[in-house]
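J.: I'd like to ask some things about the structure below.
Just so it is clear, none of the values below were taken in a lab; they were calculated from the coordinates. Predicted model, so just to flag it, every value in this text is computed and none were measured. No Cβ is skipped: glycine too gets one built from the backbone with ideal geometry, and neighbour counts run over all protein chains shown.
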Amino acid sequence: MKNKKLKVCLISSSGGHLEQLKQLIPTAQQYDMFIVTEANKSSLSLGEKYKTYYMRQQERKSFSFFLDFPINIGKSIVTFLKEKPDVVISTGAGMVIPFCLFAKLYGKKVVFLESFAKINSPTITGIVIYRFADRFYVQWEEMKKHYPDAIYKGGIY
């Protein structure tokens with residue numbers, strides 16, 4: 001019987017969260033890997049090199065959030081059921097929450113890396129995912145006061 005290769009989903013919003021996620025690609029490439037991120041000018045080139053799925057760009061302070069978020073929930077369901085990852089690794093932000101919840105509901109592993117930019121206060125996404133993540137990493141030791149069970153190993157840069 002052939003061993004099944006672990007399927008890994010790397011997921012983040014665009015911008016700085018995606019830049020942090022890209023640091024994990026060299027390690028994740030040893031697995032059956034795919035990426036989920038928001039579609040914009042800075043992220044579209046990922047699809048040329050890696051299997052990539054795009055969500056709608058969502059800004060929680062914008063009125064369009066009320067349209068974009070439900071659409072992203074639907075896209076998350078479709079992508080999750082199509083790919084069936086064994087592990088979901090995320091660096092945030094908001095649009096990753098539904099995908100990570102689906103992963104947990106289906107008994108998959110969820111790994112979250114709190115943002116390198118957060119030294120003294122937690123992100124909203126981190127607060128939500130901390131409650132159910134199988135592994136939760138912080139990149140600054142000071143963040144352990146917000147996430148006492150988090151793992152500190154330094155920055156990923």
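J.: DSSP loop (so not H, G, I, E, B), at most 10 other Cβ within 10 Å: list which trypsin sites (Lys or Arg not before Pro) in the range 1-96 pass both filters.
T.: Working: sites: K2, K4, K5, K7, K22, K41, K49, K51, R56, R60, K61, K75, K82; in loops: K2, K4, K5, K41, K51, R56, R60, K61.
Within the range 1-96, the qualifying trypsin sites (Lys or Arg not before Pro) (loop, at most 10 other Cβ atoms within 10 Å) are K2, K4, K41, K61.
J.: If you average 1/r across every pair of different Cα atoms in the range 66-157 and take the reciprocal, what Kirkwood value do you get, in Å? Don't skip to the end; give the middle numbers.
T.: Values: mean 1/r = 0.0735 Å⁻¹.
The Cα-based Kirkwood calculation yields 13.6 Å.
J.: Taking the Cα centre of each part, how many Å lie between the range 1-44 and the range 105-142?
T.: Between the Cα centres of the range 1-44 and the range 105-142 lies a distance of 17 Å.
J.: Please rank H146, H17, fewest neighbouring Cβ atoms within 10 Å first, as an exposure proxy.
T.: Details: H146 17, H17 26.
Result, fewest neighbours first: H146, H17.
J.: To make sure I understand, if each residue's beta carbon is the centre and we count other beta carbons within 10 Å, what order do F112, F69, F132 fall in, fewest to most?
T.: Values: F112 26, F69 17, F132 14.
In increasing order of surrounding Cβ atoms, one gets F132, F69, F112.
J.: What distance in nm separates the two pseudo spin-label positions at E142 and D32, each 7 Å out from Cα along the beta-carbon direction?
T.: Computed distance between label sites E142 and D32 equals 4.3 nm.
J.: Treating only the Cβ atoms of Lys and Arg (+1) and Asp and Glu (-1) as charged, compute the dipole magnitude of the chain about its Cα centre; round to the nearest 20 debye. Kindly include the intermediate steps, with their values, before the conclusion.
T.: On the way: 23 positive and 13 negative charges, 94 e Å.
Using Cβ point charges on Lys, Arg, Asp and Glu, the chain gives about 460 debye.
J.: What aspartates and glutamates does K108 reach when the alpha-carbon gap must be under 18 Å and sequence neighbours fewer than 8 apart in one chain are set aside?
T.: D32, E83, D86, D134
J.: Pop a pseudo-label 7 angstrom from the Cα along the beta-carbon direction at both S64 and A117 and give the gap in nm to one decimal.
T.: Each label point is offset 7 Å from its Cα along the Cβ direction, giving 1.9 nm.
J.: If you take the beta carbon distance between L6 and E48 as r and set R0 to 22 Å, what does 1/(1 + (r/R0)^6) give as a FRET efficiency, to the nearest 0.05? Each step should come with its number before you reach the end.
T.: Details: r = 24 Å, r/R0 = 1.10.
So, using R0 = 22 Å, E works out to roughly 0.35.
J.: Taking springs between alpha-carbon atoms closer than 10 angstrom, which of S14, S115, S43 fluctuates most in the Gaussian network model of the chain?
T.: Result for the chain, Cα springs under 10 Å: S43 fluctuates most.
J.: Counting other beta carbons within 10 Å of each Cβ, put D32, D134 in order, fewest first.
T.: Lowest count first: D134, D32.
J.: Have a look at F65, F116, F136 and tell me which one the Gaussian network model of the chain (Cα, springs below 10 Å) gives the largest fluctuation.
T.: F65
J.: Between K145, K109, K84, where does the largest GNM mean-square fluctuation fall for the chain, given springs only between Cα atoms within less than 10 Å?
T.: Maximum fluctuation in the GNM of the chain, among the listed residues, is at K145.
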